[in-house]
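Shown next, in structure tokens, is the structure this report addresses.
The values are calculated or read from the model by the stated rules, or taken from the named source; none is laboratory data. In this text the structure is predicted, and so the values were computed from the model without any measurement. Cβ atoms come from the backbone with ideal geometry, glycine included; neighbour counts cover every protein chain shown.
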Amino acid sequence: MRFRFRLRARHQLRAPLRGLCGAALLGLIGCTGCFHHAVQPVGSTQPAPALIYSATVDGAPSAAVADLAERALPTFRLRERGVRNRSGLLRRVKHDEVRLAALLRSHGYYGSLVNSDISFAEDGPARVRFLVHAGPVYTLTAHELALDSAIADLPVLDAGSLGSPVGGAARASAIVQAEEAAVATLQAEGFPYAAHSGREGVADPDTATVTVTSTFAAGPFAVFGPLRFTGLETVQEPYLSTYRSWDEGERFDRRVLDAYQRRLMATDLFRSVSVRIPDEAPPGREGSVTLPVVVSVEEGLRRRIEAGARYDTDLGPAMRAGWRHRNLFGANESVRLQVEIGRVQQDVTVDGRKPQFRRPGQVLAGQLRLTRTDDGVLNARTATGSVGLTRRLTPEWSVGLRGLVEFSAIDEADGAVDAYLAGAPATVTYGRTDRPLDPAAGLRLELEAIPFAGRLGDAPTRFGTLVARGSFYRALDGEARVVAAVRTRAGAVFARDLDSVPATRRLYAGGGGSVRGYAKASIGPLDPDGTPSGGRSVLEAEAELRIRIGEDFGVVPFLAAGLVSADTVPDGAEPVRAAAGLGVRYFSRAGPIRLDLAVPLDARPLDDPWAVYFSIGQAF
């Protein structure tokens with residue numbers, strides 16, 4: 001004996017009712033009228049429930065099915081409210097028998113039987129029991145994806161390759177997901193109006209098998225037509241067109257439009273972006289149509305004021321303020337002025353940026369930075385200017401090359417010295433994280449090489465630096481409430497000796513952006529007067545466990561270690577300095593606000609017993 005089932009309508013519910021919805025989607029025994037709603041007249045008063053009851057599911061094939069039933073069925077969800085009378089409870093339970101049977105079918109139990117038993121007590125709550133006989137899990141032996149069109153360009157749809165559980169348990173959710181993947185495949189292959197049009201299944205109780213046929217309406221074959229913009233005020237259309245990755249007349253691919261919308265939002269020029277084609281297919285010839293693409297935007301503010309603050313026990317407080325102007329000439333040209341004032345360092349930076357310079361994905365950027373530092377390790381006044389190009393090779397990989405000139409007036413123990421340098425920084429970066437400010441998954445890598453030439457005091461100098469940085473993030477649970485984060489840095493200066501390298505370009509470790517717990521730049525070799533001298537090599541490693549508590553707070557235990565050596569390759573003369581600490585986080589709309597307490601584990605007489613750091617954003 002076989003039974004056939006069909007459902008023409010398509011629905012979707014969120015968890016926890018998704019499995020129950022999947023059963024309806026499969027059309028397993030029509031459920032018309034299986035939902036009961038009580039309509040309360042306006043202004044009437046709901047009387048207090050007169051009957052309280054308990055409810056259980058007996059014979060559920062798995063704990064997951066039992067849990068889903070208790071979260072989805074009104075008999076369980078509404079039991080604390082009770083019912084007016086016995087007949088009301090009976091109606092509720094009978095309706096949920098149908099729902100529970102549908103839920104079981106959505107998990108592959110097509111031969112399941114569900115009954116109920118209600119026991120009424122004189123002086124206590126009633127007792128409801130759902131009695132389940134699940135039977136075997138049915139196997140999906142075949143899933144045909146049928147198209148209602150004979151257009152030659154239609155792609156071949158294979159259910160198994162699209163995720164359908166052919167050969168396994170006939171679970172509704174997997175079948176529906178395969179149908180959604182089939183629609184996405186059609187839309188990516190030039191059929192933007194493709195849609196799922198029906199589903200029919202045949203179940204064989206004798207063999208506990210199911211076959212399903214899903215049908216699709218492909219619609220006309222489409223190509224890209226003209227591109228049109230609405231809502232533009234100051235942004236120029238030619239600039240936005242540089243982000244387009246298709247030409248008119250090419251086969252339509254919805255994924256291309258989705259990627260274009262993401263790229264436009266990433267320009268940071270708009271509050272909203274919508275990239276759309278006509279809701280209905282326009283008339284075409286010989287089964288194909290040309291689709292105009294309409295981009296509707298709402299421009300954001302062109303000027304922005306930024307502010308920030310931090311506090312370190314070794315450096316004291318620091319305040320940062322900035323002003324940014326975007327879209328100077330209509331093509332997202334931007335300039336930013338930033339001023340940072342602290343007890344030991346003052347900094348003024350002017351940045352300029354022109355994206356899509358001469359080719360897509362290429363940025364022309366320049367910077368002028370004036371810095372004064374007097375932190376007990378370095379006493380210098382520095383002016384640095386640079387200009388260069390950065391090119392994005394893929395969404396993850398970028399390369400860059402700049403020209404740099406720098407002047408430094410450095411006060412040292414044996415007198416003042418001036419340094420004039422010219423350099424050519426070259427960078428390679430990789431970045432793929434789920435969130436820029438608070439990543440829970442992904443990897444970031446950067447490699448920077450800079451050859452320098454110039455004068456240090458009265459003598460010429462030449463040297464080069466090579467620094468690699470990396471950070472890794474991984475969630476340890478399904479909801480990303482516990483995240484492991486690891487950071488590393490390794491660098492070397494290739495020079496004749498340490499004295500031929502200006503103090504501003506030596507390598508240092510320690511402080512809030514390095515090994516927390518030690519004062520800034522304090523790790524490594526010391527001068528005869530006990531002042532850190534920096535080095536020609538550095539190694540750092542740091543690990544955090546970011547634990548979220550509730551919605552707004554978190555705690556972060558961390559470990560860090562680092563060393564600095566006067567040699568290009570560490571020779572073991574300098575020990576590794578380690579630290580441990582604990583931080584708290586408040587997750588604001590602007591990003592995580594952090595407060596960290598760190599303790600050096602290898603403290604020297606010059607080290608404080610503890611250090612506190614306060615700022616906005618994760619440590620790395």
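Inside segment 81-175, counting only strands (runs of 3 or more DSSP E) that do not spill past its ends, which hold 2 or more residues that are of a type outside the set (A, V, I, L, M) and under 24 Å from residue 216 (Cα atoms)?
Correct list: 139-147.
Of the residues 474, 455, which is at pLDDT 95 or above, touching a strand residue (DSSP E or B) at 6+ places or on another chain (Cβ under 7 Å), farther than 19 Å from residue 382 by Cβ and assigned by TED's automatic domain parsing to the domain that holds residue 405?
Only one candidate passes the filter, namely 474.
Run down 573, 579 and say which single residue is of a type outside the set (D, E, K, R), assigned by TED's automatic domain parsing to the domain that holds residue 512 and touching a Gly at 6+ places or on another chain (Cβ under 6 Å).
Just a single option satisfies the conditions, and that option is 579.
So, residue 533, is that one hydroxyl-bearing (Ser, Thr, Tyr), in the same structural domain as residue 610 (by TED's automatic domain parsing), surrounded by 16 or more Cβ atoms within 10 Å (Cβ to Cβ) and under 38 Å from the mean Cα position of the chain (by Cα) or not?
Criteria not met by residue 533.
Going through segment 427-448 one residue at a time, which ones are within 19 Å of residue 393 (Cβ to Cβ) and among the charged types (D, E, K, R)?
Across segment 427-448, the qualifying residues are 432, 444, 446, 448.
What number of residues within segment 344-369 are buried (at least 16 other Cβ atoms within 10 Å of the Cβ) and either under 15 Å from residue 318 (Cβ atoms) or aliphatic (A, V, I, L, M) (or both)?
Selection size over segment 344-369: 8.
Pick from segment 478-503 the residues that are surrounded by fewer than 21 Cβ atoms within 10 Å (Cβ to Cβ) and among the β-branched types (Val, Ile, Thr): which of them is farthest from residue 379 (Cα to Cα)?
482
Based on what the data block shows, is residue 244 part of a loop (DSSP other than H, G, I, E, B), more than 18 Å from residue 145 (Cβ to Cβ), under 32 Å from the mean Cα position of the chain (by Cα) and of a type in the set (Lys, Arg)?
Spelling it out, residue 244 is indeed part of a loop (DSSP other than H, G, I, E, B), more than 18 Å from residue 145 (Cβ to Cβ), under 32 Å from the mean Cα position of the chain (by Cα) and of a type in the set (Lys, Arg).
Just to be sure before I move on: is residue 466 in contact with a Ser or Thr (Cβ under 8 Å, 6 or more places away or on another chain) and either free of Cβ contacts under 8 Å to residues at least 12 places away in the same chain or in the same structural domain as residue 546 (by TED's automatic domain parsing) (or both) in the structure I sent?
The answer is no for residue 466.
Anything in segment 370-428 that is among the acidic types (Asp, Glu) and either buried (at least 16 other Cβ atoms within 10 Å of the Cβ) or in a strand (DSSP E or B) (or both)? List them, or say none.
Result: 374, 375, 406, 411, 412, 418.
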